[in-house]
Amino acid sequence: MKSILIVDDDAQLAESLATRCRGIGLTAVTAKNLFTALAILENSRPDLLCVDVHLPTGNGLNMCDLLVADPRVSHIPIIVLTGCRKPQTIQRCRDLRAHYVHKSPSLWDRVEPIIRQLIEVTPPVSQRSRRQAQLT
């Protein structure tokens, strides 16, 4: 099963995203800060990373800089979530080859297609069974 690491200090947002990711067949892990995220990345390799920019322990983009430079994890696609619309933030995401997503009430509607584009998502067995039952 494909996995995603969601790094955001907004626990409610992170858990909401994690729940939705699980609903489309991903294993989802959350981290509230950069230290926890880096510790998780030392022990596992998610298929996708979703990172907030403004975190209490530092800037998520700085962590992305480290990851892009590390051959062990540089292949992992990154989605950057932020409430910031500054052109320099958007450009930095481009420089990192990360997908910029502005935080908004329609966040999931913007994030889900990117997730599906970046990694092959297989729905959970329960969802596949329901779909197959509907087809017969």
Q: Determine if region 75-84 includes at least one residue that is part of a loop (DSSP other than H, G, I, E, B), at pLDDT below 95, farther than 14 Å from Ile4 by Cα and not charged (D, E, K, R).
A: yes
(Q) Return the residues of region 68-107 that are surrounded by 18 or more Cβ atoms within 10 Å (Cβ to Cβ) and more than 14 Å from Val53 (Cα to Cα); say none if nothing qualifies. (A) Ile76, Pro77
Q: Considering (1) within 11 Å of the chain's Cα centre (by Cα); (2) under 24 Å from Arg72 (Cα atoms), say which one Leu17 fails and leave the rest.
A: (2)
Q. Filtering region 25-66 down to residues that are more than 19 Å from Asp9 (Cα to Cα) and of a type in the set (A, V, I, L, M), which residue is farthest from the chain's Cα centre (by Cα)?
A. Leu66
Q) Got at least one residue in region 67-77 being under 13 Å from the mean Cα position of the chain (by Cα) and touching a residue at least 24 places away in the same chain (Cβ under 8 Å)? A) yes
Q. Of the conditions (1) surrounded by fewer than 17 Cβ atoms within 10 Å (Cβ to Cβ); (2) modelled with pLDDT of 95 or more; (3) of a type outside the set (Gly, Ala, Ser), Glu42 fails just one. Which one is it?
A. (2)
**Q.** Residue check, Cys93 out of contact with any Cys (no Cβ under 7 Å at 6 or more places or on another chain), under 20 Å from Lys2 (Cα atoms) and of a type outside the set (Lys, Arg)
**A.** no
(Q) Val51 - would you say it is touching an Asp or Glu at 6+ places or on another chain (Cβ under 8 Å) and in a strand (DSSP E or B)? (A) yes
Q. If you check every pair at least six apart or on different chains, which have Cβ atoms under 6 Å apart with a residue in region 11-29 that is over 16 Å from Asp109 (Cα atoms) first and a residue that is at pLDDT below 95 and surrounded by fewer than 16 Cβ atoms within 10 Å (Cβ to Cβ) second?
A. Gly25/Thr122; Gly25/Pro123; Gly25/Pro124; Thr27/Met1
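The values are calculated or read from the model by the stated rules, or taken from the named source; none is laboratory data. If you're wondering where the values come from, they're calculated on a predicted model, not measured in any experiment. Backbone-built Cβ (ideal geometry, glycine too); neighbour counts: all protein chains shown.
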